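The values are calculated or read from the model by the stated rules, or taken from the named source; none is laboratory data. Values in this document were obtained by computation on a predicted structure and should not be read as measured data. Here the Cβ is made from the backbone with ideal geometry for all residues, glycine too, and neighbour counts use every protein chain on show.
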Amino acid sequence: MAEWKDGLNEAWAELLELMGTRAQLLAASRELHKFFSDARELQGQIEEKRRRLPRLTAPPEPRPSASSMQRTLRAFEHDLQLLVSQVRQLQEGAAQLRTVYAGEHAEAIASREQEVLQGWKELLTACEDARLHVSSTADALRFHSQARDLLSWMDGIAGQIGAADKPRCPSSHLGLPTCLWKSAPAPPILLTVPL
C-alpha cells in the first residue's frame, strides 16, 4: 500500500509539473500570438499614417495658409508620438520572445520586427520630408504675401507721387476760373485766358 501511495504521489507530482510546463508554454504561445497580432496592427497604423502624409503636403484648399499647413502637420506629428511607445513596446516584446524561442520562431519574430521597424523608419523619413515641404511652402506663401503687400504699397506711393506731380492752377485757390490746362507728352503747359 505504501508503494502504491508513493507511486501515486510521484504521478501526481509529475502531472503538476506537466501542467506547470504546459501553462508556461501556453503563456509563451499567447505572448507570441499577441506579438504577431500587435505587429500586424502597428504595421497597419504606420501604413495608414503614411497614406495620410500626401494629403498634408497637398491640402485640398485652393490657397492654404502657412499656419494651417503647419497646424495640420503638428497635429499629425502629435499622433505619431502615440506610435512611438507602441514601436518601443514591440521592440521590447520581440527581445523578450527571442530569449524564450529559438530557431524558426526566433527568426520569424526578428523578421516581423524588422518589417515594422522598416515601415516606421520610412514613415519618419516621409514625415521629415513633409516637414521640409510644409516649411518651404509656408516660406513661399509668406514671401508671396509680403511681395503682394509691397506691390500694393508701391502702387499707393506711386499714386500719391503722381497726384503730387500734377500742376495746379495758381488762380484756382483765389476762386478765379481763368486757368485752363492742356495735356501734352511734354510737361504740362499753363494757358491763361484774358478776362
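Taking the condition part of a helix (DSSP H, G or I), in contact with a helix residue (DSSP H, G or I) (Cβ under 7 Å, 6 or more places away or on another chain), under 30 Å from residue 21 (Cβ atoms) and touching a residue at least 12 places away in the same chain (Cβ under 8 Å), does residue 70 pass?
Answer is no for this residue.
Here's the yes/no breakdown for (1) in contact with a strand residue (DSSP E or B) (Cβ under 8 Å, 6 or more places away or on another chain); (2) surrounded by 14 or more Cβ atoms within 10 Å (Cβ to Cβ); (3) modelled with pLDDT of 90 or more; (4) hydrophobic (A, V, I, L, M, F, W, C):
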| site | (1), (2), (3), (4) |
| --- | --- |
| 28 | no, yes, no, yes |
| 55 | no, no, no, no |
| 59 | no, yes, no, no |
| 63 | no, no, no, no |
| 66 | no, yes, no, yes |
| 70 | no, yes, no, no |
| 74 | no, no, no, no |
| 101 | no, yes, no, no |
| 111 | no, no, yes, no |
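Do we have any residue at all in region 82-93 that's buried (at least 16 other Cβ atoms within 10 Å of the Cβ), touching a residue at least 60 places away in the same chain (Cβ under 8 Å), touching a Leu at 6+ places or on another chain (Cβ under 9 Å) and among the aliphatic types (A, V, I, L, M)?
no
Taking the conditions exactly as written (among the aliphatic types (A, V, I, L, M) and within 25 Å of residue 122 (Cβ to Cβ)), does residue 73 satisfy them or not?
The answer is yes for residue 73.
Can you spot a residue in region 24-35 that is within 30 Å of the chain's Cα centre (by Cα) and not β-branched (Val, Ile, Thr)?
Yes, region 24-35 has at least one match.
What are the residue pairs meeting all of these: first residue in region 108-119, first residue touching a residue at least 24 places away in the same chain (Cβ under 8 Å) and assigned to a helix (DSSP H, G or I), second residue of a type in the set (S, T, N, Q) and buried (at least 18 other Cβ atoms within 10 Å of the Cβ), Cβ atoms under 6 Å, and 6 or more apart or on different chains?
none
Can you name the condition, by its number, that residue 125 falls short on among (1) among the β-branched types (Val, Ile, Thr); (2) within 21 Å of residue 44 (Cα to Cα); (3) surrounded by 17 or more Cβ atoms within 10 Å (Cβ to Cβ)?
Residue 125 satisfies every listed condition except (3).
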